[in-house]
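Chemist: Next up is a structure, given as structure tokens.
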Amino acid sequence: MMAKANPINDTHKAGPMAVFFLTQTMQIAIEFVFIQQLVTKDSQQDAWIAVLLGGLSTFPVMWLILRLLEKERRYGQADLFSIQRRIFGKLIGSMLNLIVSIYVFLYSVTYLRSLIELLQVEIFPQLSTLVFSVLFCLIVWYIVMGGFRNIVGVSLINFIYLLPLFLSNVFVVPHAHFSNLLPIMEHRPQQIFLSFFMNTHVYVGFEFILFYYPFIKKPEEAKKWAYFSLLTTLYIYLIFIILGIVYYSQGEVQKTIWPTLTFWKSIKFPFFEHVDIIFSIILLWSLIPLVSLCSWVLTRGIKFTFPKIKKKYSLIAILILTIVTAYLIRDGQQVMMLTRLFNIIGFIAIYCYIPLLFLCQWLKNLFTGETA
Amino acid sequence: MRRKVMVGVLSCLLLAGCVPTHIIDDILIVEAEGYDYIGHNKVIGTVTMPNFVQSGNQGGQGAGLPSTASLIRSLSVQTYNGKSLVDRLQSEGQVAIQAGKIRLMLFNLPMAKHGLSIQMSFRNRDPDVPRDLTLAVVDGSCKKLLKATDYQTQIPVSRYAQDMIMQNNTQNYPDSDLSSFLYAYFGAYMDPFMPIIQKNGDHLEMRGLALFNHDKLAMRIPDSKVFVFKMLYQNFTLGVYDLEYRPGRHIALRNVKTSVNYKVRHGNSASPDIYTTIHVIGQVRQAYPGSVSKVKTPQVARIMEKGLASDARQLVRKIQKKGIDPLQIGDKVRSFTYHFDGKSWPERYRHARFHCKVSVIIQQTGITD
């Protein structure tokens, strides 16, 4: 096979712990700023149950993904583009690759545009979407050109930078109304499922291991880091949803677009004011590795389909497309629609497509007679 | 490599030119806003701004003595209710006026009676406004309070009033800032409240609590009863309760720790039972001669318990009659009741039975027996 003939050089690979930081980066971008409003809409004070279930449901999916990748290693390169081409043949495989690429593209644009929207509303009304995304994409270009290990490094920095944001939750305790969590399990399972559906897109992102798995050294050891990362994400989101429920009354949280950000406005230090603005700028950091990894995945996809196109050129095309798409989204209403759309696609991708792919791989292996 | 470094430097340079800058010496940051209602949906709005120029008091920022170089400090205008004062007063600004860090928002009594819904919707929408903003109702004129120059302190009035309210929030007064006001304002089965302040000669003073019915002032609690309100509202550690156990004879209980606990039974019945258990640990310093001693402590504690419980019952009966719920009792009933019937709650709230049990422990009575 062609992919086999071109193995990835060890110097381009990252250690198993990279899985932890990359999964964190992809899962925790800026959703913790607005998760509360979306999730409490249908199941009010029981929303944390939906978030807990959502987090727990990522574990079996991760297990499926890792199993899928492990099985695939004997047939060639274990990434999604190769898998799809191997299982579904060249034509259908390439079409699926295109759909997956669109998904990845949508992923990066949704988050980039949400952040620009947040910055425009909260801090800089004059911020131009175009200029900002051009500058942002210059940084992304610089990082992606440095290669995969560079993206892992930026993810690590991002993880460290976000820590103070998570620690800021401590300030909610004196103002918490823990009775808001009662009565527990008042809502019907359908309502909790609706919330579960609404919070899908906060958990998506861990499936990106499907793309960078070949770049991980000692993938067996990476497994535990993958699960550990999911656990960390679950913990962080659970804390944030409980924050939203105990700090706000239900009427208020459903009126507030970015409840966490509004909560930051009430944090007070003697020496500096407006913690919310400082934190919003730190949020910018969480987007750099996210958009970088998405762009990197897209360049990998293009290289896989058209091996002649160099990464240098395809990356520029991708970034220009990102800028144009981000620029075409005009206002907050469209950002919200995009987020909704992305939520549905993310739900299909992780809960339907990945099990289906697993099944197809199993069937394919069964029919070709190579049982595992 | 050189190209990459250039990109980095270029990004920094370009990013800095992205948006207009606001240099702190060249703007007027609004710190306090006051609204006086004058009828027909018109208000007199007043804003005050601190100065960040070099002042007589080194390192005192705007808090020092005003020097000759100071900018204008307050502006006032008549406009319609709900108009952004920053926008309205821009035409009178010496330099650009901005709402960066509003500390204090004042409403006079007619304004509070007229309703604050327009103001609150604006405040909740505005991202420039911090949530630790202090709200208060002014007994008198906000304009006079904010523009007065005869205070003993040289600190700008916005900080003076905020400091006073915040220190009282750790004492007898319940926590009240914008976030807690909006919590109760938007929340179901609860109503917000604010402290009342007044300018008295050359200083400010707290005058009790203003209880709202959603957005309109419904009743006032005098300063002497605020302790009872706070005792029912939250756990706290400071404050003084003064009991007149016989005409002309007072005992003052200094609170060390108060904890309150609610239990609800029959939450969906026509008259829910609300059980409140309050534990007070306190100490006595000020007492009528001969009324306290180590031996008499339990006796005094019983008197205190009786006094606090009857005050609490009276207060709750009053707010029940008015149909307002600043103590968030409705929310407590909801949290204890599965499938809480919220529609009939306002009617049932009036008939809710309130049971109050207070236990007072007097930890010590000072250094003499």
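Chemist: Which residues, counting only those in segment A:184-236, are of a type in the set (D, E, K, R) and on the phi > 0 side of the Ramachandran plot? Steps first, please.
Modeler: Going residue by residue through segment A:184-236, those that are of a type in the set (D, E, K, R) are A:186, A:188, A:207, A:217-218, A:220-221, A:223-224.
Correct list: A:Lys218 only.
Chemist: For a quick check of your reading of the model, give me the residue pairs whose first member lies in segment A:236-255 and is away from chain B (no Cβ under 13 Å), whose second is buried (at least 21 other Cβ atoms within 10 Å of the Cβ) and outside any helix (DSSP H, G or I), with beta-carbon atoms closer than 7 Å and at least 6 apart or on different chains.
Modeler: So the pair list comes out as A:Ile236/A:Ile28.
For (1) surrounded by 15 or more Cβ atoms within 10 Å (Cβ to Cβ); (2) under 28 Å from B:Leu211 (Cβ atoms); (3) among the acidic types (Asp, Glu), each residue gets a yes or a no:
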position	(1), (2), (3)
B:Ile281	yes, yes, no
B:Tyr288	no, no, no
B:Asp311	yes, yes, yes
B:Gln320	yes, yes, no
B:Ile329	yes, yes, no
B:Arg334	yes, yes, no
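Chemist: Looking at (1) part of a helix (DSSP H, G or I); (2) buried (at least 17 other Cβ atoms within 10 Å of the Cβ); (3) in contact (Cβ under 8 Å) with a residue 60 or more places away in the chain; (4) out of contact with any helix residue (DSSP H, G or I) (no Cβ under 8 Å at 6 or more places or on another chain), which is the only condition B:Ile324 fails?
Modeler: Answer for B:Ile324: the failing condition is (1).
Chemist: Here is a further query. Where the second residue is surrounded by 15 or more Cβ atoms within 10 Å (Cβ to Cβ) and part of a helix (DSSP H, G or I) and the first is assigned by TED's automatic domain parsing to the domain that holds B:Ala252 and lies in segment B:296-308, which pairs have Cβ atoms under 8 Å and are six or more apart or on separate chains?
Modeler: So the pair list comes out as B:Leu308/B:Val228; B:Leu308/B:Met231.
Chemist: Before we move on, is A:Leu98 buried (at least 17 other Cβ atoms within 10 Å of the Cβ) and either out of contact with any Ser or Thr (no Cβ under 7 Å at 6 or more places or on another chain) or within 14 Å of chain B (Cβ to nearest Cβ) (or both)? Explain how you work it out, then say what you get.
Modeler: Details: buried (at least 17 other Cβ atoms within 10 Å of the Cβ): no; either out of contact with any Ser or Thr (no Cβ under 7 Å at 6 or more places or on another chain) or within 14 Å of chain B (Cβ to nearest Cβ) (or both): yes.
When the stated conditions are applied, A:Leu98 does not pass them.
Chemist: Let me ask something additional. Identify, please: which residue in segment B:316-362 is within 14 Å of another protein chain (Cβ to nearest Cβ) and of a type in the set (Lys, Arg) and is, among those, nearest to A:Pro183 (Cα to Cα)?
Modeler: B:Arg334
Chemist: Any residue at all in segment B:139-159 that is touching a strand residue (DSSP E or B) at 6+ places or on another chain (Cβ under 9 Å), buried (at least 22 other Cβ atoms within 10 Å of the Cβ), within 22 Å of B:Gly239 (Cα to Cα) and touching a residue at least 24 places away in the same chain (Cβ under 8 Å)? Working first, answer last.
Modeler: Filtering segment B:139-159 down to residues touching a strand residue (DSSP E or B) at 6+ places or on another chain (Cβ under 9 Å) leaves B:139-148, B:151-153, B:156-159.
So of that shortlist, the ones also buried (at least 22 other Cβ atoms within 10 Å of the Cβ) come out as B:142, B:145-146, B:156-158.
Of the ones still in play, those that are also within 22 Å of B:Gly239 (Cα to Cα) are none.
Within segment B:139-159, not a single residue is touching a strand residue (DSSP E or B) at 6+ places or on another chain (Cβ under 9 Å), buried (at least 22 other Cβ atoms within 10 Å of the Cβ), within 22 Å of B:Gly239 (Cα to Cα) and touching a residue at least 24 places away in the same chain (Cβ under 8 Å).
Chemist: Of the conditions (1) away from chain A (no Cβ under 14 Å); (2) under 23 Å from B:Lys318 (Cα atoms); (3) surrounded by fewer than 22 Cβ atoms within 10 Å (Cβ to Cβ), B:Pro195 satisfies every one except a single condition; which number is it?
Modeler: (3)
Chemist: With the condition kept exactly as written, say whether any residue in segment A:266-276 is more than 14 Å from every other protein chain (Cβ to nearest Cβ), out of contact with any strand residue (DSSP E or B) (no Cβ under 7 Å at 6 or more places or on another chain) and either of a type outside the set (D, E, K, R) or surrounded by fewer than 17 Cβ atoms within 10 Å (Cβ to Cβ) (or both). Steps first, please.
Modeler: Taking segment A:266-276 and keeping what is more than 14 Å from every other protein chain (Cβ to nearest Cβ), we get none.
Within segment A:266-276, not a single residue is more than 14 Å from every other protein chain (Cβ to nearest Cβ), out of contact with any strand residue (DSSP E or B) (no Cβ under 7 Å at 6 or more places or on another chain) and either of a type outside the set (D, E, K, R) or surrounded by fewer than 17 Cβ atoms within 10 Å (Cβ to Cβ) (or both).
Chemist: Hey, any hits in segment B:330-347 for a residue that's touching a Cys at 6+ places or on another chain (Cβ under 8 Å) and either aliphatic (A, V, I, L, M) or touching a residue at least 24 places away in the same chain (Cβ under 8 Å) (or both)? Lay out the reasoning, then the answer.
Modeler: Kept after step one, since they are touching a Cys at 6+ places or on another chain (Cβ under 8 Å), are these residues of segment B:330-347: none.
No: segment B:330-347 contains no residue that is touching a Cys at 6+ places or on another chain (Cβ under 8 Å) and either aliphatic (A, V, I, L, M) or touching a residue at least 24 places away in the same chain (Cβ under 8 Å) (or both).
Chemist: Is at least one residue of segment A:308-317 within 14 Å of another protein chain (Cβ to nearest Cβ), in contact (Cβ under 8 Å) with a residue 24 or more places away in the chain and either crowded, with 23+ Cβ neighbours inside 10 Å or not in a helix (DSSP H, G or I) (or both)?
Modeler: Of the residues in segment A:308-317, the ones within 14 Å of another protein chain (Cβ to nearest Cβ) are A:312, A:315-316.
Still in the running and in contact (Cβ under 8 Å) with a residue 24 or more places away in the chain: A:312, A:315-316.
Among the residues that remain, those that are also either crowded, with 23+ Cβ neighbours inside 10 Å or not in a helix (DSSP H, G or I) (or both) are: none.
Within segment A:308-317, none of the residues are within 14 Å of another protein chain (Cβ to nearest Cβ), in contact (Cβ under 8 Å) with a residue 24 or more places away in the chain and either crowded, with 23+ Cβ neighbours inside 10 Å or not in a helix (DSSP H, G or I) (or both).
Chemist: Follow-up question, since we're still on this one. Which one of B:Asp242, B:Asp202, B:Asp215 is within 14 Å of chain A (Cβ to nearest Cβ) and not hydroxyl-bearing (Ser, Thr, Tyr)?
Modeler: Values: B:Asp242 fails: within 14 Å of chain A (Cβ to nearest Cβ); B:Asp202 fails: within 14 Å of chain A (Cβ to nearest Cβ).
The match here is B:Asp215.
Chemist: On to the next question. Do any strands (runs of 3 or more DSSP E) entirely within segment B:90-187 hold 3 or more residues that are hydrophobic (A, V, I, L, M, F, W, C) and either within 14 Å of chain A (Cβ to nearest Cβ) or farther than 25 Å from B:Gly201 by Cα (or both), and if so, which? Before you say what the answer is, go through the steps one by one.
Modeler: Working: elements: B:96-98, B:104-108, B:134-138.
Qualifying strands (runs of 3 or more DSSP E): none found.
Chemist: Same structure again: Here are some residues: B:Val292, B:Val264. Which one is part of a strand (DSSP E or B), in contact with a strand residue (DSSP E or B) (Cβ under 6 Å, 6 or more places away or on another chain) and surrounded by 15 or more Cβ atoms within 10 Å (Cβ to Cβ)? Steps first, answer last, please.
Modeler: On the way: B:Val292 fails: part of a strand (DSSP E or B).
None of the other options fit; the residue is B:Val264.
Chemist: Name the residue, out of B:Leu238, B:Leu243, B:Leu232, B:Leu204, that is within 26 Å of B:Pro346 (Cβ to Cβ) and not β-branched (Val, Ile, Thr).
Modeler: Details: B:Leu238 fails: within 26 Å of B:Pro346 (Cβ to Cβ); B:Leu243 fails: within 26 Å of B:Pro346 (Cβ to Cβ); B:Leu204 fails: within 26 Å of B:Pro346 (Cβ to Cβ).
Selected residue: B:Leu232, the only one of B:Leu238, B:Leu243, B:Leu232, B:Leu204 that is within 26 Å of B:Pro346 (Cβ to Cβ) and not β-branched (Val, Ile, Thr).
The values are calculated or read from the model by the stated rules, or taken from the named source; none is laboratory data. Remember, predicted model here, so these are calculated numbers, not experimental data. Glycine also receives a Cβ, built like all others from the backbone with ideal geometry; neighbour counts cover every protein chain displayed.
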